[in-house]
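The values are calculated or read from the model by the stated rules, or taken from the named source; none is laboratory data. Keep in mind that what you see is a predicted model, and the values were worked out from it rather than measured. Virtual Cβ from ideal backbone geometry, glycine too; neighbours counted across all protein chains shown. The area values use the complete protein model at the heavy-atom level, side chains included, leaving out ligands, DNA and RNA. Shrake-Rupley method; radii C 1.70, N 1.55, O 1.52, S 1.80 Å.
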Amino acid sequence: MHTMWKGSISFGLVNIPIKMYAATEEKNIRFRYLHKECQTPIKMVRTCPHCEKEVSWDEIVKGFEYADGKYVLMEKEELESLQPEANRAIEILDFVELSQIDPIYFDKTYFLGAQDPNHKAYALLRQALDESGKIGVAQVTIRSKQTLAVIRVYGDCLVMETIFYPDEVRDSNQVPNVPVGMELPEKEMKMAIQLIEQLTTTFDPEKYQDDYRNAVEQAIEKKVSEEAIVEAPGQKPEKIVDLMEALQASLNATKGKAQRQSNKATGKKKKATS
């Protein structure tokens, strides 16, 4: 797994060095937009409609629109001065029951692994959470954003779930046409409960699948095997018939790019220290 972030879990006087990994991944089929006439990939260009010209990143500033057409400009230095201190710590503030947090608050999940495989404090926190049935409510700063999170146990691993702040969850009372205080016939209510009981089972995630994504993958693989493909002018990519080979090739290319960037960064650090 690729390490996304390094830091520590702290609660009381205990400090546990950890590495963070993505626990989930979306399996969406990603399409490129092509020019229908020549099948060339379309470029997304940043343009200024007033000046009618392309704009580079060094000509762009951030502005908050507080009224129609009126903006407050925020310079990069101003925003950096407001950022919370990046102390590389997941600071546990409280311990609560998992059942007390509604699932609507949960956002993303990350695996937390110890930097040292024999770190006793990691195993201690994991077992203490497991036996107590509690989860830790924490704050952490990642990519200049202070985030609320919970620490819990999943299998043999500690996981961090980022959660929304209360003001980020919309008020359900604002949802229109929600029946409230409706009197329901007792017979119909009894039948509805019986139906729920008949369909109740143990949750098995393996029985569920994305039928649409599977169908799209099969359709793409069929077109590739039948060579129903087009090529952009001036580009002659390697012919890869098998879909899994195509996915693996993309993955290898991404890993290679990440490794080159890592080596480049390491080289700069060595040069700076020398």
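Descriptive notes on the structure:
- Using a probe of 1.4 Å on the protein chains alone, the accessible area found for C48 is around 40 Å².
- Unit charges on C-beta of K, R, D, E only; dipole of the stretch 39-100, Debye: 400 debye
- Residue pairs, from the table K36/K145; K27/K53; K6/K76; K76/K108; K19/K145, whose Cα atoms sit over 30 Å apart: K36/K145; K27/K53
- In this view, the solvent-accessible surface of V230, computed with a 1.4 Å probe and all protein chains in place, comes to about 90 Å².
- Residue separation of C38 and R88 scaled by 0.36 nm, minus their Cα-Cα distance, works out to 13.1 nm of gained length.
- Overall form of the stretch 38-193 per C-alpha gyration tensor (a/c, 1.5; a/b vs b/c): oblate
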